[in-house]
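The next block holds one structure in the form of structure tokens; read it before the comments.
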Amino acid sequence: MFSVADRTQSTAFTKKEGGSSGSGKKLRSGTATSVNLLNANPTYYIEPARMQLATLNANTANDSHVNKFMQIDDALLQSIGKGHFPGTLGRDFKLFGRPALLYRRITQQLVDRLTGAPAQRAMVIDGKNGSGKSAELMKLAAVAAAKGHIVVYAHSTLPWVNSSRPYAPANEGSLFVQHELTLELLKSVLMLSKEALARVALGREVVLGKKTLTAEQTLADLVSFGIHTPSLAHDALDQLLAVASAQTQVPLLVALDNVNTLWCNTAYRDQQDAVLPAERLRLVRAFLPFFDGSRAISSGLAVGATSYSEVRFMPRDLKERLNPPPMVPLANPDVASDPKVTRPLTDVPFDVVKVDRMTAQEAWALMAFYHKTNVVSMPVTESLVAQKWVVADGNPRQIFGSVTSYF
Amino acid sequence: MLARLTTRPLALLQMRQPTASAMRLLSTHQAVSPFDTLDIRPIQRPDTAAYFMPKPKYADLLSAITTIIQQHKLPEHNKSNFKRGKWIGRKVFDSQHAIKMNANEYILLTERLNQADSLRIADFEERETVGLYLNQFRRGYSHVEVVGMDGKAKEEDKVKKVKVNTSWKRGMLDHMGRWRAAGKRKEAIACAWLVPIEAKAEATEAKAEPTEAKAEATEANAEVTEAKAEPTEAKAEADSETVTFSESADFDSIDAPSPAFTSIGQVLVNGKPLPEYFVRPTDRESVLFPFHVANKTGQYNVFVRVRGGGHTGQAEACQLAIARALYAANRKQNAAIRTAGLLFTDGRRVERKKTGKPKARKSYTWVKR
């Protein structure tokens, strides 16, 4: 007889394993289940077109692939983890049947920045909701990983501040630690850049708790130690960032999505029940120096992407600095010399890259891809692309929404 | 005697020297009537017989048009041709032609004008002359010279057939090359400016074609004639103001759009992008419907200023303004806009609430007891 535990188990959609026992066609749909198409109506169940897409790597990240869709490397996807794609990309990948993104002109500019001279300041990708900031960051991380860089990629920093993960006060000081999150981050770094980490020696003795790592040991050993000792994960991360940013042997890429959370007020409370600012989290404090200009990367780049989806974690001051109002010069000399007159501050300690609306060719490539993946059944014409572009004002998210809406 | 003579209109009378017979009479010192001695004749006769009528100019105009009608054959009566709206109004008659008339007289005049406009005149020159004469009373035309009242245009005073639309509300080209129009819906008022996108890609291709044509012209005489034809076609393409997007769908070329597909026009409403101002997709589709009907989506940069009303009223006011501006830009190409009925103001308003009812039509629940 069924027990209580069995009754709670859903039996409606069971995953059918493929193999010799399987009969008929099986469609790997966007959900976790598979549908047996043996008796299915071919009018309604259409297999997605099998397209040959190039994988985004060091060889394909060039001008010749601009305005073309490319597949994201499996290594990056595994480092992110299933179902943890930034924004709504996970849902899009399920709909397309493959993790593919458009290689835009802005992507090429970011790749040129990555491979160019070391930047003195960090870079923040800003833009409207749905303009493709998180996608650009993911593509940049994929290219960097394929080029053999050390990639520290956090697909979302919202769990750091939205009190969804456990936290605890540190042993000393007024900081708070998040061992679980740091452990996940170290695992993703190791999965993505194992070979690159193995090439960089520590160069000095590193003491982590009771363990001492010699100078000949590599960053891979350091990260592995941090993974096996969760209580020292924060120390391992701090040492990793310190050594990786100082050396010039292997470039370092620090990529944080939702980077605005570094300056926000978290959803945590301290022991006095006061709101905890993000800078009092040790995990945030490890990355903050890269974006406030106090620490520079000798070889590599620090990139962040803002997000306006969670408004409470977007500081108002930062928002005004990223989108300053038109600054009209004060014509009245008395007003201009008045010290009480305040004007919006526009200076930021990092370079801002604006992701603008899509170009006509990018919109065409997007619609063509939608047509090939059966998201759009209408034939793709210039007038259709122009119509969708104007309705959405060139915003990729809004173009997708207008294409998939029912009216 | 002089005092009596000067009371008469001076235009008609002029003092003349006494005639010889009058002098002889005067010399004989015989008593004569003052009217016998002086030759009082009007030297400037009235232009027309309607001079002594209460409204001579109106009468002259009506008789001139009637004369034109009587000289030629009238076609079968077609109600659609008889529109009073295509002629200038009474106030314009008064201000421009100094012809005053009441409402009934205006109705009669417009009927005659419509009849004259629908005449079938065999002679081309006469047809052109009559057309030019009627153009000075046609709404939307700016006449340069007043044509003679005899119904025939003088050669040196021929009016140029220039249609100058001075109504920015209905759609006009302003001094900066923008097509401008206004629209209303409920309490919302919108004003739209349309700027066509320049065909930069086509112009660069068209410039390349003449150089290739010159190279081919050196080969053979037959090719020279063809090469001469190509630059004219290329020049015609380069002169085109707007980019036209293709309608055909070729699956083989799905990966590559045409070279002219370089930019798509933006729509700004009160300075904000369209999806930012109109959050609802229905409102956005409503604003862009004229472009969809005319197949001109993305070929114009649009700036709309709208105020008043709610989101639906503002969206439909924008639609009317854009439709009018688009229609004024090219009437022939955008005739579908008129066919779709987008040029007419929707006069529906919210119906008033009536007493004894909670709303305009809804009634209170009927209770038996």
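The values are calculated or read from the model by the stated rules, or taken from the named source; none is laboratory data. Model, not experiment: these values are computed from the prediction. Positions of Cβ are backbone-derived with ideal geometry, glycine not excepted, and every protein chain shown enters the neighbour counts.
Scanning the stretch B:313-335 for residues that are more than 23 Å from the chain's Cα centre (by Cα) and either without any contact (Cβ under 8 Å) to a residue 60 or more places away in the chain or within 14 Å of another protein chain (Cβ to nearest Cβ) (or both) yields one hit, B:Ala315.
Condition check: in the same structural domain as A:Ala168 (by TED's automatic domain parsing) and surrounded by 21 or more Cβ atoms within 10 Å (Cβ to Cβ). Does A:Val207 satisfy that? In short, no. Condition check: modelled with pLDDT under 90 and not small (Gly, Ala, Ser). Does A:Leu345 satisfy that? Answer is yes for this residue. Answer yes if at least one residue in the stretch A:60-73 is within 17 Å of the chain's Cα centre (by Cα) and under 23 Å from A:Leu185 (Cα atoms), and no otherwise. The answer is yes, given that some residue of the stretch A:60-73 is within 17 Å of the chain's Cα centre (by Cα) and under 23 Å from A:Leu185 (Cα atoms).
Among residues that are touching a strand residue (DSSP E or B) at 6+ places or on another chain (Cβ under 8 Å), away from every other protein chain (no Cβ under 13 Å) and touching a residue at least 24 places away in the same chain (Cβ under 8 Å), A:Val353 is included. Within the stretch B:261-277, being more than 10 Å from chain A (Cβ to nearest Cβ) and touching a residue at least 24 places away in the same chain (Cβ under 8 Å) holds for B:Val269, B:Asn270.
If you scan the stretch B:28-78, which residues turn out to be surrounded by fewer than 11 Cβ atoms within 10 Å (Cβ to Cβ) and modelled with pLDDT of 75 or more? Answer for the stretch B:28-78, where residues must be surrounded by fewer than 11 Cβ atoms within 10 Å (Cβ to Cβ) and modelled with pLDDT of 75 or more: B:Phe52, B:Pro54, B:Gln70. Is it the case, given these coordinates, that A:Asn162 is in the same structural domain as A:Pro324 (by TED's automatic domain parsing) and closer than 30 Å to A:Phe176 by Cα? Spelling it out, A:Asn162 is indeed in the same structural domain as A:Pro324 (by TED's automatic domain parsing) and closer than 30 Å to A:Phe176 by Cα.
Within the stretch A:70-128, take every residue that is aliphatic (A, V, I, L, M), in contact (Cβ under 8 Å) with a residue 24 or more places away in the chain and more than 22 Å from A:Ala54 (Cβ to Cβ) and give me the one that is surrounded by the fewest Cβ atoms within 10 Å (Cβ to Cβ). In this case the residue turns out to be A:Ala119. Being surrounded by 18 or more Cβ atoms within 10 Å (Cβ to Cβ) and either in contact with a Phe, Trp or Tyr (Cβ under 9 Å, 6 or more places away or on another chain) or at pLDDT 85 or above (or both), is that true of even one residue in the stretch B:80-88? Within the stretch B:80-88, one or more residues are surrounded by 18 or more Cβ atoms within 10 Å (Cβ to Cβ) and either in contact with a Phe, Trp or Tyr (Cβ under 9 Å, 6 or more places away or on another chain) or at pLDDT 85 or above (or both). The residues listed here are A:Val375, A:Val385, A:Val353; of these, the one that is within 13 Å of B:Gly298 (Cβ to Cβ) and among the β-branched types (Val, Ile, Thr) is A:Val385. Please work out which one of (1) under 23 Å from the mean Cα position of the chain (by Cα); (2) surrounded by fewer than 23 Cβ atoms within 10 Å (Cβ to Cβ) is the condition B:Glu351 fails and give its number. Failing condition for B:Glu351: (1). Scanning the stretch B:292-311 for residues that are under 19 Å from B:Lys272 (Cα atoms), touching a Leu at 6+ places or on another chain (Cβ under 7 Å) and within 11 Å of chain A (Cβ to nearest Cβ) yields a total of 3.
Would it be correct to say that A:Thr359 is within 10 Å of another protein chain (Cβ to nearest Cβ), under 30 Å from A:Pro118 (Cα atoms) and surrounded by fewer than 21 Cβ atoms within 10 Å (Cβ to Cβ)?
Judged against the criteria, A:Thr359 is a match.
Number of residues in the stretch A:243-263 that are assigned to a helix (DSSP H, G or I), surrounded by fewer than 24 Cβ atoms within 10 Å (Cβ to Cβ) and out of contact with any Lys or Arg (no Cβ under 7 Å at 6 or more places or on another chain) equals 3.
Output the helices (runs of 4 or more DSSP H) that fall wholly within the stretch A:143-201 and possess 3 or more residues being touching a Lys or Arg at 6+ places or on another chain (Cβ under 9 Å), or say none.
Filter on the stretch A:143-201 gives A:179-192.
Of all residues in the stretch A:384-394, those satisfying the criterion of being at the interface with another protein chain (Cβ under 7 Å from one of its Cβ atoms) and either touching a Ser or Thr at 6+ places or on another chain (Cβ under 7 Å) or in a helix (DSSP H, G or I) (or both) are A:Ala386, A:Gln387, A:Trp389, A:Val390, A:Val391, A:Ala392.
Applying the criterion of being out of contact with any Leu (no Cβ under 8 Å at 6 or more places or on another chain), hydrophobic (A, V, I, L, M, F, W, C) and part of a strand (DSSP E or B) to the residues of the stretch A:268-301, the residue that is surrounded by the most Cβ atoms within 10 Å (Cβ to Cβ) is A:Leu276.
Just give me the residues in the stretch A:129-156 being of a type in the set (D, E, K, R) and surrounded by 21 or more Cβ atoms within 10 Å (Cβ to Cβ), in sequence order.
A:Lys133, A:Glu136, A:Lys139
Taken over the stretch A:384-407, the residue count meeting the criterion of being among the polar types (S, T, N, Q) and surrounded by fewer than 21 Cβ atoms within 10 Å (Cβ to Cβ) is 3. Within the stretch A:362-383, the residues that satisfy the criterion of being facing chain B (nearest Cβ under 8 Å), small (Gly, Ala, Ser) and free of Cβ contacts under 8 Å to residues at least 24 places away in the same chain are A:Ala368, A:Ser383.
At pLDDT below 90, assigned to a helix (DSSP H, G or I) and more than 28 Å from A:Leu222 (Cβ to Cβ), is that true of A:Arg91? For A:Arg91, the condition - at pLDDT below 90, assigned to a helix (DSSP H, G or I) and more than 28 Å from A:Leu222 (Cβ to Cβ) - is met.
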